[in-house]
1. Amide H to amide H, which residues 5 or more places from residue 87 or on other chains are under 5 Å from it, using H placed in the peptide plane?
2. Hey, with R₀ at 30 Å, roughly what FRET efficiency would residue 155 and residue 234 work out to, going by the Cβ-Cβ distance, to 0.05?
3. Give, in nm to one decimal, the length gained when the segment between residue 224 and residue 303 is fully stretched (0.36 nm per residue of separation minus the Cα-Cα distance).
4. Gain in length, residue 209 to residue 139, computed as 0.36 nm per residue apart minus the alpha-carbon separation, to one decimal in nm?
5. Can you work out the FRET efficiency for the pair residue 183 and residue 251, with r the C-beta to C-beta distance and R0 = 25 Å, to the nearest 0.05?
6. Rounded to the nearest angstrom and ordered from largest down, what semi-axes does the equivalent ellipsoid of the stretch 303-429 get from its C-alpha gyration tensor (root of 5λ)?
7. Just order 272-280, 141-149, 179-187 by mean Cβ neighbour count inside 10 Å, highest at the front, would you?
8. Please calculate how many Å² of accessible area the chain carries per residue, with a 1.4 Å probe and no DNA, RNA or ligand atoms counted.
Amino acid sequence: MMETSSPLGRLPAGGTVGERADVPDVFDPRIYAAGIPHDRFRALRDRHPVARQEEPEILGWPAGSGFWSVTRHADVVRVLKDSGTYSSHLGATQIRDPDPADLPFIRRMMLNQDPPEHGRLRRLVSRAFTPGRIERFAATARERAGKLLAGAVAAGGEVDLVRSVTDDYALLNLTDLLGVPASDRGLLHAWTERVIAYQDPDEPPVLDAEGRPVNPRSPAMLAEMFGYAQELAAHKREHPADDVMTSLATSELADAELEMFFFLLTVAGNDTVRSAAPGGLLALAEHPDEQRRLWRGEVAMDTAVDELLRVHPPVLSFRRTAHRDTELAGQLIRAGEKVVVFHASANHDERAFVDPHRLDLGRTPNPHVSFGDGPHVCLGAHFARLQLRVLYEEARATCGGVAPAGPPRRLVSNFINGIKALPVRLREP
């Protein structure tokens, strides 16, 4: 492949990490089981803000072609805003390449589309996410948060907040918003785990006839969820209610589009809060001085929610594919190459945030990218912020404080910043 000149002494286009031993690996999902690798991200931001990364075979998943990691805040925002150069449609939005046979199917999802097609679907679905509808869920979410937290406090001693509070809180809120029977929340949980936790050894992959892992986003793996979505939509047409599935079932969406939206809302709508809620509570437990500021009402809750989202973004990374040859941070990127933005790094970039590794619940402005940016900014961001605000307010009202009772167990993933267990001590008010 042709060499390209660079004042930075960059790799040949399409080169590998092996040719640059000083480029830290941020691909291996096992790294994230210990938390966000801040040292690695800082080294990349300082010396290699756009750097080639290898994709070796890991945990049974086959090797990939490699990608460009983007770690500075300004560059991440540039990629997310420029869908004409950095496409969600060409190769979808996961680091691993999908099976070429599955790509047309995966492209049906709004997340994996570019404008103008993306805009049409987003406008259709955004009608279901009206502020009024979302706010009507606030009272139910508040009652639920209060009961779950009060039960955890009453249990005394140490509790796992994920098992006791945050998993059910996120799942039951989602069933309310979608209009799914609460008794079916186990289905939503299982489908979400299958998609989100596929890199984690606790969620063994489904294997094909040759013993290779099957992409959890493939048509075969989503058939059960899609069948459920069609049954639920038919029920909502016969028995309409004030929920999102009624809006989608009676909209202009084709059947295939409705199925993909149910998938997107089930997985993203659940896991955004399911990841952010324990992450925020962990940050408060680890920073008692800031926790006291919040408990005393010395900082605005909405401001605190954004700072907790900054330090613990629910999504670690997203992939784009270069639509044409371009240059980013002095680095040549060729058409067809993968470009992966790391939200977790951008949120801790010293160029965008003063003292970024300090939790400051009063931080303003706070241009974090935890919900993305550009045309694909999270459609449910308002709903997620509402749930987090209500949960933290109820935690403040229900208990006297949160303290660590052991290390958290984190998800093995380079995509979702998940926490599987969070042992804490809850003090009575």
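1. Amide H neighbours of residue 87: 321, 322, 323.
2. Working: r = 41 Å, r/R0 = 1.38.
After rounding to 0.05, the efficiency reads 0.15.
3. Details: separation 79, 0.36 × 79 = 28.44 nm, distance 4.01 nm.
Value of the extension gain: 24.4 nm.
4. Working: separation 70, 0.36 × 70 = 25.20 nm, distance 4.91 nm.
Full extension of this stretch gives 20.3 nm more.
5. Values: r = 26 Å, r/R0 = 1.04.
With R0 = 25 Å, the Cβ-Cβ based efficiency is 0.45.
6. On the way: eigenvalues 218, 52, 42 Å².
Over the Cα atoms of the stretch 303-429, the semi-axes work out to 33, 16, 14 Å.
7. On the way: 272-280: 26.4, 141-149: 19.6, 179-187: 14.6.
Ranking the peptides 272-280, 141-149, 179-187 by packing returns 272-280, 141-149, 179-187.
8. Details: 17140 Å² over 429 residues.
Normalised by residue count, the accessible surface of the chain is 40 Å².
The values are calculated or read from the model by the stated rules, or taken from the named source; none is laboratory data. None of these values were measured; they are calculated from a predicted model. All Cβ positions, even for glycine, are placed from backbone atoms using ideal geometry, and neighbour counts span all protein chains on display. The accessibility values were calculated without ligands, DNA or RNA, using every heavy atom of the protein model including side chains. Shrake-Rupley method; radii C 1.70, N 1.55, O 1.52, S 1.80 Å.
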